[in-house]
Amino acid sequence: MQHLDETLLRDLPSFRALEPLAVREILSHAHSRRIEAGHSVFEEGAEAETFFLLLDGHIRVERISREGDRVIPLHIPPGQLFGIAAALGRDTYPATAVAAAECIVLCWPMRLWDSFVETYPGFGREANKMVGHRVGEMNARIMELATQHVEQRVASAILRLSQQNGRQTDTGVEIPFPLTRRQISEMTGSTLHTVSRLLSAWERDGILTSERKHIRVHEPTRLAELTEDTKPAT
């Protein structure tokens, strides 16, 4: 990929410990893809032939529960690796990756993963950190479902997305990709009716606005207070 300047990647977690020559060597094996919003990059259970780096856009991770319900455990922001099944000791993808907004990704054959980790220790260390962080995030979501009532879970999900992915505007922090009420329900193990009721109430209170699938948080402190409610879990 001679047209891609390695300086654009040096500050990304997977590359910041590498020398410029090492970055160029890794990039020489990559190709780029554009993924339209709403399209899958890969599907849960499919053979893991490729791993990816998200250059631009946002990825929504989806899984199907044993009961057949769609669950959204996390979102991946730009600058991160994903689809790294080999790092988990798997030969199939454990979840589906969907472009929450139009994405540009770099792609490498999965067969190169082990050689990259062995040849470029800094790359491997950062990848292991990322895997550990995502496992921690997944465990945190499980704990939320087990211990928080529904209002806390919905408030936590919106606050987390605004903090991890949000962009500051004149009137608040906007989550920079479309987010439907159904998707929020799939993130939080709640019903569509409950999510709609909560968002409508928070809009009336001036905490956030939600229109045309975009959410803007105006009062993050008040939203954070809702995550700390002490009502019993439901």
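Some points to look at:
- The separation of the range 204-220 from the range 67-138, counted between C-alpha centres, amounts to 31 Å.
- For the range 146-234, the Kirkwood estimate of hydrodynamic radius, built from reciprocal distances between every pair of different alpha carbons, is 12.9 Å.
- Accessible area per residue for the range 1-107 is 50 Å², calculated with a 1.4 Å probe on protein heavy atoms, without ligands, DNA or RNA.
- Equivalent-ellipsoid semi-axes for the range 1-99 (Cα gyration tensor, √(5λ), whole Å, largest first): 27, 14, 12.
- Column: log10 I(q)/I(0), Debye, Cα scatterers of the chain, q = 0.09, 0.13, 0.16 Å⁻¹: -0.41, -0.83, -1.15
- Residue 59 long-range amide H proximity, modeled H, under 5 Å: 76, 100
- Area of residue 75 that stays accessible when all protein chains are in place (1.4 Å probe, Å², to 10): 10
- Of the solvent-accessible surface of the range 1-141, computed with a 1.4 Å probe over protein heavy atoms with every protein chain present, carbon and sulfur atoms account for 47 percent.
- Summing +1 for each Lys or Arg and -1 for each Asp or Glu among the other residues whose beta-carbon sits under 10 angstrom from that of residue 192 gives +2.
- Residue by residue, the range 128-145 carries 3J(HN,Hα) couplings of 5, 4, 5, 4, x, 5, 5, 4, x, 4, 4, 5, 5, 5, 4, 5, 4, 4 Hz when phi is fed to the Karplus relation 6.51 cos²θ - 1.76 cosθ + 1.60 (θ = phi - 60°); x denotes Gly or Pro.
The values are calculated or read from the model by the stated rules, or taken from the named source; none is laboratory data. All of these numbers come straight from a predicted model, not from anything done at the bench. Cβ: placed from backbone, ideal geometry, glycine included. Neighbour counts: every protein chain shown. For the accessible areas, the whole protein counts, side chains as well, though only heavy atoms, and no ligand, DNA or RNA atoms are used. Shrake-Rupley method; radii C 1.70, N 1.55, O 1.52, S 1.80 Å.
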